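A.B. asks: The structure under discussion is supplied below as structure tokens; questions concerning it will follow.
The values are calculated or read from the model by the stated rules, or taken from the named source; none is laboratory data. Since we're looking at a predicted model, the values are computed, not measured. A quick note on method: Cβ atoms are made from the backbone with ideal geometry, for glycine too, and the neighbour counts reach across all protein chains shown.
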């Protein structure tokens, strides 16, 4: 079988989308803790205002709001740091989807990812994403795929997961039902 191929020629936008999607999937506990802690600080400040005083209430409320904003801003900061480190040299990543694994090639360096290590398939209007053990996100431009409908079906069958839209990125991925013959 000839492998399916796709690639991404990174732009600032693709790096921002990748960091945003990766942050949502790969750091859900951190996001939950930061968001919950931020809200709790504000609620505690309001509830304890009569005991801790107005200045302490303002400080706790400010800290809660500040932590919330910083947590939401983290993917943007990571993307800006990555773009700065690239110094205008945006990488091209090529993917070959073979019978057994995904071959990822970047600047002469190649690595392979077995299909059983893919934990999620996500797509939006322009990009397809797959996640390696919920630790790293990979992105490709859907327009570069040899035959996108066949590639999506091929990945769905090999990974045993359904594709989800990027707005459903927080939902637990559903396994596809395999018929046993």
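A.B. asks: Considering every residue within the stretch 47-58, establish whether at least one is at pLDDT below 70 and either more than 21 Å from residue 124 (Cβ to Cβ) or in contact with a helix residue (DSSP H, G or I) (Cβ under 6 Å, 6 or more places away or on another chain) (or both). Walk me through how you get there before you give the answer.
C.D. replies: Just the residues of the stretch 47-58 that are at pLDDT below 70, to begin with: none.
Within the stretch 47-58, none of the residues are at pLDDT below 70 and either more than 21 Å from residue 124 (Cβ to Cβ) or in contact with a helix residue (DSSP H, G or I) (Cβ under 6 Å, 6 or more places away or on another chain) (or both).
A.B. asks: Next question, about the same structure. Conditions first: (1) modelled with pLDDT of 75 or more; (2) within 14 Å of residue 138 (Cα to Cα). Residue 63 passes all but one, so which condition is the exception?
C.D. replies: (2)
A.B. asks: Among all residue pairs at least 6 apart or on different chains, which show Cβ distances below 7 Å where the first residue, located in the stretch 139-160, is in the same structural domain as residue 106 (by TED's automatic domain parsing) and touching a residue at least 24 places away in the same chain (Cβ under 8 Å) and the second is part of a loop (DSSP other than H, G, I, E, B) and surrounded by 15 or more Cβ atoms within 10 Å (Cβ to Cβ)?
C.D. replies: Between residues of the stretch 139-160 that are in the same structural domain as residue 106 (by TED's automatic domain parsing) and touching a residue at least 24 places away in the same chain (Cβ under 8 Å) and residues that are part of a loop (DSSP other than H, G, I, E, B) and surrounded by 15 or more Cβ atoms within 10 Å (Cβ to Cβ), the close pairs are 151/145.
A.B. asks: What's the total number of residues in the stretch 87-118 that are out of contact with any helix residue (DSSP H, G or I) (no Cβ under 6 Å at 6 or more places or on another chain) and either crowded, with 17+ Cβ neighbours inside 10 Å or in contact (Cβ under 8 Å) with a residue 60 or more places away in the chain (or both)?
C.D. replies: Residues of the stretch 87-118 that are out of contact with any helix residue (DSSP H, G or I) (no Cβ under 6 Å at 6 or more places or on another chain), as a first pass: 87-114, 116-117.
Still in the running and either crowded, with 17+ Cβ neighbours inside 10 Å or in contact (Cβ under 8 Å) with a residue 60 or more places away in the chain (or both): 90-99, 101-104, 113.
Counting residues in the stretch 87-118 that are out of contact with any helix residue (DSSP H, G or I) (no Cβ under 6 Å at 6 or more places or on another chain) and either crowded, with 17+ Cβ neighbours inside 10 Å or in contact (Cβ under 8 Å) with a residue 60 or more places away in the chain (or both) gives 15.
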